[in-house]
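Take a look at the structure below.
The values are calculated or read from the model by the stated rules, or taken from the named source; none is laboratory data. None of the values given here were measured: they were computed from a predicted structure. Every residue, glycine as well, gets a Cβ built from its backbone with ideal geometry; the counts of neighbours run over all protein chains shown.
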């Protein structure tokens, strides 16, 4: 992209890194005192999942692979997947693991300049954002340095390799792939305007209420 980023772009990206891609393990993600904020947070409820057998989504990794979910939807108080970011998943993946598109769409955002080990609440996350035909957007976060296999404007289909996982940004120094679907592009729109949406996956084990923390899900063949 020619020229430097606009200040508004930088602000929205900082918001993305600090608020959208919060770590599974880092208590108090989002700022403030972790103990006091945890004591005041209520248990959340996640609903609205579509029939997993007819879902538009497949798991974001190749057929034949299987990965554990280390953080799922509606995380306990003190964790990252809450509020507008409640419908997100973290998959336990080593640095350099190939991941794939969960749904067809067009690549609209790529950030891959940061290095593995550059871990902080804001400012160091690498990611890919793919816009779907209905206007929603898939966010793939924490990818490795130069880990995007696609460029802005590229069209992708489910199962197509799009990147390599990493350990950048708000990971609590635990390499993993963050995946979530937002109502719109959270980089340009911000997470409040583009909250996450409930997602199920058609090419794995039964998941009527989404994927569950601690379970390992195999990616099965799909049509």
Practice task
Go over the candidates 83, 135 one by one and state the one that is farther than 23 Å from residue 153 by Cα, at pLDDT 95 or above and surrounded by fewer than 21 Cβ atoms within 10 Å (Cβ to Cβ).
Solution key: 83
Completion exercise
The strands (runs of 3 or more DSSP E) lying entirely within the range 133-223 that contain at least 3 residues which are closer than 17 Å to residue 71 by Cα and either touching a residue at least 12 places away in the same chain (Cβ under 8 Å) or touching a helix residue (DSSP H, G or I) at 6+ places or on another chain (Cβ under 7 Å) (or both) are 137-141, 176-182, 216-218
Fill in the blank from the handout: Scanning the range 211-223 for residues that are at pLDDT 95 or above and surrounded by fewer than 21 Cβ atoms within 10 Å (Cβ to Cβ) gives 212, 213, 214, 215, 216, 218, 219, 220, 221, 222
Exercise for the section: Return the residue satisfying two criteria in turn: it lies in the range 138-157 and is more than 25 Å from residue 92 (Cβ to Cβ) and touching a strand residue (DSSP E or B) at 6+ places or on another chain (Cβ under 6 Å), and of such residues it is surrounded by the most Cβ atoms within 10 Å (Cβ to Cβ). Expected result: 154
Problem - Residue identified as in contact with a helix residue (DSSP H, G or I) (Cβ under 9 Å, 6 or more places away or on another chain) and assigned to a strand (DSSP E or B) among 84, 108, 69 - result: 108
Practice task
Answer yes or no: is there a residue in the range 38-53 that is assigned to a strand (DSSP E or B) and at pLDDT 95 or above.
Solution key: no
Fill in the blank from the handout: Restricting attention to the range 95-120, the residues that are surrounded by 17 or more Cβ atoms within 10 Å (Cβ to Cβ) and over 15 Å from residue 137 (Cα atoms) number exactly 9
